[in-house]
Amino acid sequence: ERAIGTVLSKARRANVRVIDVRATSAVVYPGLADYHTHVVAGGMLLTGRKVDLSGVSTKTEFVAAVKDAAGALEPGEWMLGGGWDASAFAAGEGPKRAWLDGALGSSVPALLHSHDMHSAVASSAALDAAGVDDGAVDPPGGSYARD
């Protein structure tokens with residue numbers, strides 16, 4: 001009550017529109033607006049993240065983080081994770097399949113999502129497992145970037 005009252009009084013002094021709701025026998029949720037979700041991929045990252053690439057901004061950092069995380073993989077296990085931000089890399093750079101293949105070898109499947117979950121980089125082994133090759137047709141509403 002005291003902390004809420006302090007926040008409300010500060011907001012009012014700052015001329016912020018405040019709606020004071022006092023629910024004694026109900027639950028009030030904040031109005032969070034996100035018009036889409038990434039439930040499956042987000043869940044996978046929360047439960048199975050093998051490599052955290054947030055804060056990585058160079059090929060050297062990316063490869064080092066992947067190699068470090070690879071040591072914890074069981075034979076045949078997929079490397080999952082991500083968190084990389086394309087805008088953190090130099091213009092025209094960003095994670096590439098060749099970086100993964102060089103760090104992991106050709107037999108380790110890896111799928112590493114960007115921080116916003118709108119793109120991912122996959123190793124050659126992951127693409128093979130998914131049946132995606134150079135002749136693959138882009139999916140409806142999306143595309144396979146080829147390097």
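Laboratory data are not the source of any read-out in this text; all were calculated from the coordinates shown. Remember, predicted model here, so these are calculated numbers, not experimental data. Neighbour counts run over all protein chains shown; Cβ positions are idealised from the backbone, glycine included.
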Straight-line reach from LYS10: which aspartates and glutamates fall under 17 Å, measuring Cα to Cα and dropping same-chain residues less than 8 apart? GLU1, ASP20
Just the number, please: percent antiparallel of the DSSP beta bridges in the range 39-130, rounded to the nearest 5. 30 percent
Take the range 39-130, drop everything but the C-alpha atoms, weight them equally and run the Debye formula without solvent; then report log10 I(q)/I(0) at 0.12, 0.15 Å⁻¹ to two decimals. -0.31, -0.49
Just tell me which lysines come within less than 18 Å, Cα to Cα, of LYS67; anything on the same chain fewer than 8 places away is out. LYS50, LYS59, LYS96
What does the highest-first list of 83-90, 22-29 look like by mean Cβ count within 10 Å? 83-90, 22-29
Förster radius 35 Å - calculated FRET efficiency between VAL16 and ALA88 (Cβ-Cβ, nearest 0.05): 0.60
Can you give the FRET efficiency to the nearest 0.05 for THR58 and VAL137, using r as the Cβ-Cβ distance and R₀ = 41 Å? 0.80
Regarding the range 80-147, what is the average projected area of its C-alpha convex hull, in nm²? 4.9 nm²
